[in-house]
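Taken together, the values in this text are just the output of simple stated rules run on the coordinates, not laboratory data. Predicted model only: the values in this text are computed from it and were never measured. Cβ coordinates were reconstructed from backbone atoms using ideal geometry, including for glycine residues, and neighbour counts include every protein chain displayed.
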Amino acid sequence: MKRALVKDSVKQIKNTFKRYISILLMALLGVGFFAGIKATSPDMQKTLDSYFDNQNVYDIQVVSTLGITKDDIEAVKNLDNIEEVLGVYSKDEIVKIGDEEKIIKIISYSQDTNALNKFDLTNGSLPENSDECIVEQYFLDFLNKSIGDYIEIEDEDNTLNNKKLKIVGVANSPLYISRDRGTSKLGSGKINYYLYVPDTNINSDIYTELYATVKGAKDVLCFSDEYDKLIEEAKSEVEGIKGQREKARYDEIIGTATKELNEAQEKFDNEKQEAESQI
């Protein structure tokens, strides 16, 4: 029975030899493609993890609608599972290039060499003055700009000390490893480019984001379950002080507003009394 089955199989292969070879090649191609994907994925993950570690990319991001103070940064820094903390100011602004309007994400950076989210300077130099900036290559390519050119930022709320900025360098940011730059409430609703300015050009003591790294996170692969566990433990600690820090920030805002209101009321009363005495 077995011998007959083998003979019949050989006979079928001979009669349909071309079809058999085609099916065999397709099977080999599928197996080879699957094996390549299985082998490539871990290598890509290790490469990306190494890049994140070298650029000191954050593990946790904290965003607050009321802003983040230096006291908030100190509170997070004192948590057991937190290693480094950095406060960053960012905002979306419109830049006019000829007849076009582009939305740019402006990000402050610290000149500290050990700062988080370090970018790769690919051309030009780092800013030496507060009125200089670093842009991405896409900005230069699509808007026909070059190093040494100036751009004008609208900045209606006067957050920047200098609105006219000189482009002195080109860099790749670890915060944007894809072409997507996020969304915005301005213009078309889509951020076109990012731009770095020194933190000395920011006229604010309140940060918009807080970035933190977690102790031991660099020792494990960022795609592993062990990494997820470390991050969850650190997040739980941050969330544990959330209510306290929110209340402190709220009280600070209310206190400042109340003080300004009282001072304005006192000035009004004094001027009113003076006017009445003159009358």
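Summary of computed values
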item	result
Residues with amide H under 5 Å from that of Ile97, placed H, sequence gap 5 or more	Lys102
Using a Förster distance of 51 Å, the FRET efficiency for Lys96-Phe33 (Cβ separation, nearest 0.05)	0.55
Value of [θ]222 nm, deg cm²/dmol, for the chain, DSSP H segments ≥ 4, -39500 (n - 2.57) each, nearest 500	-15000 deg cm²/dmol
GluC sites (Glu not before Pro) within the stretch 144-192, DSSP loop, no more than 11 other Cβ atoms inside 10 Å	Glu156
Positive minus negative residues near Lys259 (Lys, Arg vs Asp, Glu; Cβ under 13 Å)	-4
Nonlocal amide H pairs with Glu84, under 5 Å, H built at 1.01 Å	Thr213
Rg [Å, one decimal], Dmax [Å, integer] - the stretch 32-187, C-alpha atoms	18.4, 59
Residue range of the chain that is longest and free of trypsin sites (Lys or Arg not before Pro) which are both DSSP loop and sparsely packed (at most 10 other C-beta within 10 Å)	1-178
Translational diffusion of the stretch 198-263, µm² s⁻¹ [Kirkwood Rh, Cα pairs; Stokes-Einstein; 25 °C; 0.890 mPa s]	161 µm²/s
From phi via Karplus (6.51, -1.76, 1.60), per-residue ³J(HN,Hα) for the stretch 102-111 in Hz, x at Gly/Pro	10, 9, 10, 8, 8, 10, 7, 9, 8, 7
Cα-based radius of gyration of the stretch 130-279 once divided by 2.2 N^0.38 Å, which approximates compact folds	1.59
Computed over the chain, Kirkwood Rh from alpha-carbon pairs, angstrom	23.6 Å
Extension reserve of the Glu271-Thr65 stretch, reckoned as 0.36 nm per residue once the Cα distance is removed	70.5 nm
Mean projected area (nm²) of the alpha-carbon convex hull when the stretch 41-129 is viewed from all directions	9.7 nm²
HN-Hα J in Hz across the stretch 171-184 - Karplus 6.51, -1.76, 1.60, θ = phi - 60°, x for Gly and Pro	8, 9, 9, x, 6, 10, 8, 10, 7, 5, 10, x, 10, 8
Between the stretch 220-279 and the stretch 44-74, the alpha-carbon center distance in angstrom	23 Å
